[in-house]
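Here the structure is laid out as structure tokens; the discussion comes afterwards.
All of the numbers you see were taken from the coordinates with simple rules; none came from a lab. Just so we're clear, the structure is a prediction, and the values are computed from it rather than from any experiment. Note that each Cβ is placed from the backbone with ideal geometry, even for glycine, and that neighbours are counted across all protein chains shown.
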Amino acid sequence: MQKKIRAVIMRGGTSKGVFFREQDLPQDKELRDRIITRIFGSPDPYGRQIDGLGGATSTTSKVAIIGKSDSPEYDVNYTFGQVAIKKRLIDYRGNCGNLSSAVGPFAIDEGMVEVSEPITRVRIFNTNTKKLIVANVPVENGKAKVEGDYYISGIPFPGAKIALEFYEPGGAVTGKLLPTGNVVDTLEIPGIGEVEFSFVDASNPVIFIEARTIGLEGTELPPEVDSRPEILEMLDRIRSFIGALYGFGSTPEEVSKNSPAVPKIAFVSPPTDYISTSGKKISKDEISLTARIISMGKLHAAYALTGAICTAIASSIPGTIVNRVSRGPIKNGEVIIGHPAGVMEVVPFVKQTETGFFAEKAIAFRTARRIMEGFVYYPEAF
């Protein structure tokens, strides 16, 4: 026998996920997560998620749970989960900025918010980070608008431009914008040696290192990095070692196993000419810096939006590794990040106070659309 549950598949930015209404899922979180992982086809030791809706990559194995908010300050609550592919695990520590761009359109089309045209502001409470996100969604005929002329790197088709405002993103997971208290630190990592890094937590915690630290130029594309297991192992060793020091697990092994999504790790380098995955030349003159970010053990095909927000904010803090390689905002306050698929623009708002640096907000731009709605089936015995 099989059971069914209503679901919507949505693309948000360069990610794709399965969206559920909170009311349709069991209140028991353990049962809820077992159902979700089965719906995705996880765990799958073959890494294909062939018996479910998961797309067998970190950017397509994501879940969003949306419910109406009881607070007058928010319209909807949004819980993000990174669904592991080979393990029965959903990592709720941290948010997905790309998938966040689909929350507003989902809420509008589900009748969860009052609609106004041409733009509806949807106030989203992200339960993962306990932060406010405001999605400014174009609306037409009472529904989220899909058609438009705004392109984002990594997506072949244009769409309606959604402006996302991430308020007070600092300390989203660790409680501190600079978890170590410093703009830059140096640690001896077993098996690697001395590593200089900046640890910044804004929308998601990210460990930043220079590309040259691991023997890379910084312009490498996913096939080049993913085909070198020694580089991926080195990056995860750095990530898990630092993560264990700052509360993501009691040991590096525990961080690697149970907290694969956060903290994230990125390697950065100065603006450099390179050819993107689409074959387009990215000129060093059009970007603030070159950056690559790891997602669930592989090089992200584009760049995580929460990672981009953190990168842009880090570039605005004097002394960080990101600030060191970045030439700062290029136009209209935008820090433009050169990533494997192209470029991404983020407008950071950071100020220095008597007690340190404060991230007021960050603005990013995405597109999103509803791909499918209906019922997904899962075996009664799972």
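List the residues of segment 84-107 whose backbone N lies under 16 Å from a point placed 7 Å from the Cα of D51 along the Cα-to-Cβ direction.
85-89
List, in order, the whole-Hz ³J(HN,Hα) value for each residue of segment 255-272 obtained from phi through the Karplus relation with A = 6.51, B = -1.76, C = 1.60 and θ = phi - 60°; use x for Gly and Pro.
Coupling constants for segment 255-272: 4, 4, 7, 9, 9, x, 8, 9, x, 8, 10, 9, 10, 10, 7, x, x, 9 Hz.
Take Y303, Y377, Y274 and order them by how many other Cβ atoms sit within 10 Å, fewest up front.
So the residues, fewest neighbours to most, are Y377, Y274, Y303.
Step through the residues of segment 183-197 one at a time and calculate ³J(HN,Hα) from phi using the Karplus curve (6.51 cos²θ - 1.76 cosθ + 1.60, θ = phi - 60°), rounding each to whole Hz and writing x for Gly and Pro.
Once θ is set to phi - 60°, the couplings for segment 183-197 become 7, 8, 9, 10, 9, 8, 9, x, x, 10, x, 6, 10, 9, 8 Hz.
So what's the gap between the Cα centers of segment 257-277 and segment 87-122, to the nearest angstrom?
Using only Cα atoms to place each centre, the spacing works out to 25 Å.
How charged is the neighbourhood of G17? Take every other residue with its Cβ under 11 Å from the Cβ of G17, and add Lys/Arg as +1 and Asp/Glu as -1.
+3
When all C-alpha to C-alpha distances in segment 185-363 are sorted into bins of 10 Å, what percent of pairs does each bin hold, rounded to whole numbers?
10, 40, 36, 12, 1
If r is the Cβ-Cβ distance from D70 to V115 and R0 is 25 Å, what FRET efficiency results, to the nearest 0.05?
Once the sixth-power term is evaluated, E becomes 0.80.
Among the listed pairs K130/K361; K4/K86; K257/K298; K176/K331; K131/K331; K130/K161, which are separated by more than 18 Å between their Cα atoms?
K4/K86; K176/K331; K131/K331; K130/K161
Mean Kyte-Doolittle of at least 0.5 and a Cα length of 20 Å or more along the axis: which whole DSSP H helices of the chain meet both?
Long hydrophobic helices here: 229-245.
Given the Cα-Cα distance of D285 and T127 and 0.36 nm per residue of separation, how much length would full extension add, in nm?
53.0 nm
Using a 10 angstrom cutoff on alpha carbons, build the Gaussian network for the chain and name the most mobile of V206, V134, V113.
The residue with the greatest mean-square fluctuation here is V113.
Determine the relative contact order of the chain: mean sequence separation of Cα pairs under 8 Å and six or more apart, normalised by residue count, in whole percent.
Here the relative contact order equals 19 percent.
Using only the alpha carbons of segment 272-315, what is the convex hull's orientation-averaged projected area in square nanometres?
Directional mean of the projected Cα hull area for segment 272-315 stands at 3.5 nm².
For segment 40-101, which chymotrypsin sites (Phe, Trp or Tyr not before Pro) are in a loop by DSSP, counting at most 13 other Cβ atoms within 10 Å?
Y46
From a point 7 Å beyond the Cα of E253 in the direction of its Cβ, which residues of segment 162-200 have a backbone N at a distance under 17 Å?
Correct set: 190-191.
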